[in-house]
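Engineer: The structure is given below, and queries will be raised subsequently.
The values are calculated or read from the model by the stated rules, or taken from the named source; none is laboratory data. Given the structure is predicted, the values throughout are model-derived calculations rather than measurements. Positions of Cβ are generated from backbone atoms using ideal geometry, with glycine treated the same way; all protein chains shown enter the neighbour counts. To get the accessible areas, we keep the full protein, side chains included, count just its heavy atoms, and leave off ligands, DNA and RNA. Shrake-Rupley method; radii C 1.70, N 1.55, O 1.52, S 1.80 Å.
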Amino acid sequence: MMRALRLPGGIIRSAGTLTAATILVFALAIAVAVAFNTQRAVNASFDEQTKIQQAELTLDRMLKTQLDEENYIRAYVITHDPAYIDSYHATTEAFNRARNRLNAILVQEQLADARAALAYYDIVHDDWHTQVAGPMLRHPNMDARILDKRGKLLIDSQSDAANAIQQNLDQKNRAVLAATQRRINESVIFGVVALVVFGLLAILFYGWRYAVNAALEEERLTTQTLQRAFRSEHVPLPNCEIGSAYGSASSHLAVGGDVFDVHKLSDRLGLILIADVSGKGVDAAVLTAFIKFTIRGIALRRRDPGFILQEFNRAFPKTVENPYLFVSMFVGILDTWTMRLDYASGGHDVTFLRGRAGVEQLAVTGPVLGVMDEPYGVRTVYLEDGDTVVLSTDGLTESRNSSGQLLDEAGAMEWIRTAPADPALLAQALIERVRERSGNRMRDDVAVLAIRVTHPSPTPGGNGSSTPLATSGGTDA
């Protein structure tokens with residue numbers, strides 16, 4: 001039968017792993033962002049400084065070229081060698097190229113003061129060409145002292161303009177360094193604050209997760225304790241060999257309610273029960289105790305499996321407040337003298353009979369309990385010497401392999417057919433095969449109860465007659 005959702009401990013662990021991974025990803029993302037921003041600031045600063053250095057070098061080259069202009073003019077005046085005139089003109093072209101390159105850098109860097117100083121430098125330089133260089137080239141024999149004096153005044157003005165440009169470049173360089181340092185500090189502070197915040201969140205989350213896991217572990221231990229107290233025991237029955245096994249799902253999920261019971265009603269009659277509760281946690285474990293003792297109480301009043309299921313079905317919704325819980329159940333009354341088994345099955349189809357002819361599935365005689373109020377039919381089976389009744393919960397037939405394929409009833413019947421004859425070994429073998437099939441990751445609990453009948457004793461009086469099992473109510477033969 002279908003089982004209701006379990007306590008989502010696995011979901012909590014998955015969410016915890018996802019949250020931890022998310023925190024780690026965010027931390028790594030912040031670290032990468034800080035590193036990226038820092039590198040970008042450093043690269044931008046390097047580019048800015050490179051341009052400023054280019055501007056400074058260009059300014060030095062421009063000043064040196066101007067000095068070469070002056071020297072070529074003086075050399076021509078002294079030697080009257082026309083080659084110096086060609087060198088002068090070539091130097092003037094180099095000066096203009098350096099000046100244009102410097103102006104382009106100042107425009108890129110938006111240095112308005114430096115551009116104004118360069119413009120003043122251009123005016124003074126043009127005056128030098130007009131008032132000093134030009135007259136010397138045209139009249140090399142004239143008195144050069146007057147022109148040199150005028151040229152010195154103009155050159156001093158150019159030096160002042162060049163110093164202003166240099167100071168403006170130095171200020172820009174310091175501003176770039178300060179802005180870079182500020183951006184690096186901001187990135188580092190942001191990263192540190194973000195990491196501290198995420199660290200605190202991680203600490204809070206792991207604290208919460210520890211508390212949740214502690215609560216889950218406490219519930220799991222409580223559930224296991226209750227199940228050990230209420231779960232599945234069996235007492236010896238005459239002429240019967242009984243074996244049982246229980247496999248708990250290998251996870252931290254709270255176990256569900258699987259219960260079986262073998263109880264002596266008299267010297268010859270035994271009550272056989274197996275049930276599967278669609279529940280979870282402590283509620284399901286407690287409910288197994290309610291099922292076991294309620295069924296025993298009803299069976300002591302009336303030994304009719306159909307009546308037992310019907311009475312339990314009426315009491316179940318009045319006792320259990322959760323309307324979404326339901327139970328699949330098999331109840332049998334076994335006469336250990338005649339080997340007559342009367343049973344009723346409320347939606348529990350994981351019941352089988354292994355005899356000499358093979359393995360057959362015992363039919364369901366009514367719906368699961370807790371869903372609707374309907375009568376439950378009773379069927380009778382006469383067991384032969386060596387027959388084995390194998391009862392299980394749906395964790396057997398619903399076990400999945402690595403491909404997700406269900407074992408189903410046919411697979412379970414094949415397992416039962418090849419299992420050991422000893423009931424204890426048979427029950428344990430089925431549990432082990434479920435674990436092996438699921439890769440030791442059982443999704444559901446499995447309870448197995450196996451009863452093998454042997455050599456019935458004769459009834460008192462030696463006539464072999466049997467006493468009716470049910471006091472009233474028909475049977476569905």
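Engineer: Can you give me the C-alpha center-to-center distance between the stretch 363-407 and the stretch 61-93, rounded to a whole angstrom?
Structural biologist: Each part's Cα centre sits 114 Å from the other's.
Engineer: Taking the Cα centre of the stretch 294-372 as the origin and placing charges on Cβ (Lys, Arg +1; Asp, Glu -1), which of Ser345, Ile295, Tyr324 is farthest toward the positive end of the dipole?
Structural biologist: Towards the positive end, the residue furthest out is Ile295.
Engineer: Just subtract the alpha-carbon distance of Lys264 and Ile123 from 0.36 nm times their residue separation and send over the number in nm, one decimal.
Structural biologist: On the way: separation 141, 0.36 × 141 = 50.76 nm, distance 12.31 nm.
Working it through step by step, the gained length comes to 38.5 nm.
Engineer: Same structure, new question: What relative contact order, as a whole-number percentage, does the stretch 101-218 give when Cα pairs under 8 Å and 6 or more residues apart are counted?
Structural biologist: Values: 49 pairs, mean separation 31.8, N = 118.
It comes to 27 percent, rounded to a whole number.
Engineer: Roughly how many percent of the accessible protein surface of the stretch 24-91 is carbon and sulfur, given a 1.4 Å probe and a whole-percent answer? Numbers along the way, then the final one.
Structural biologist: Numbers: 2530 of 3990 Å².
Whole-percent figure for carbon plus sulfur exposure: 63.
Engineer: Among the GluC sites (Glu not before Pro) in the stretch 337-412, which ones are in a DSSP loop with at most 14 other Cβ atoms within 10 Å of the Cβ? Mind listing them? Write out the running numbers ahead of the final one.
Structural biologist: Details: sites: Glu360, Glu384, Glu398, Glu409; in loops: Glu384, Glu398.
Passing both the DSSP loop test and the Cβ count: Glu384.
Engineer: Skip the ligands, DNA and RNA, and give the accessible area per residue of the stretch 387-430 with a 1.4 Å probe, whole Å².
Structural biologist: For the stretch 387-430, the per-residue accessible area is 39 Å².
Engineer: Report Rg (one decimal) and Dmax (nearest whole number) for the stretch 322-377, counting Cα atoms only, units Å.
Structural biologist: In order Rg, Dmax, the Cα atoms of the stretch 322-377 give 13.5, 44 Å.
Engineer: Please work out the FRET efficiency for the pair Gln171 and Val42, using the Cβ-Cβ distance as r and a Förster radius of 22 Å; give the result to the nearest 0.05.
Structural biologist: 0.60
Engineer: Related question: Of the accessible area of the stretch 320-386, with the probe set at 1.4 angstrom, what percent is carbon plus sulfur?
Structural biologist: Roughly 50 percent, rounded to a whole number.
Engineer: I need the trypsin sites (Lys or Arg not before Pro) found in the stretch 294-403, filtered to DSSP loop residues with at most 16 other beta carbons within 10 Å of theirs. Numbers along the way, then the final one.
Structural biologist: Values: sites: Arg296, Arg301, Arg302, Arg303, Arg314, Lys318, Arg340, Arg354, Arg356, Arg379, Arg400; in loops: Arg302, Arg303, Arg356.
Sparse-neighbourhood loop trypsin sites (Lys or Arg not before Pro): Arg302, Arg356.
Engineer: Follow-up. Using a probe of 1.4 angstrom, how much of the accessible area of the stretch 100-196 is carbon and sulfur, in percent?
Structural biologist: Details: 3170 of 5710 Å².
Answer for the stretch 100-196: carbon and sulfur cover 56 percent of the accessible area.
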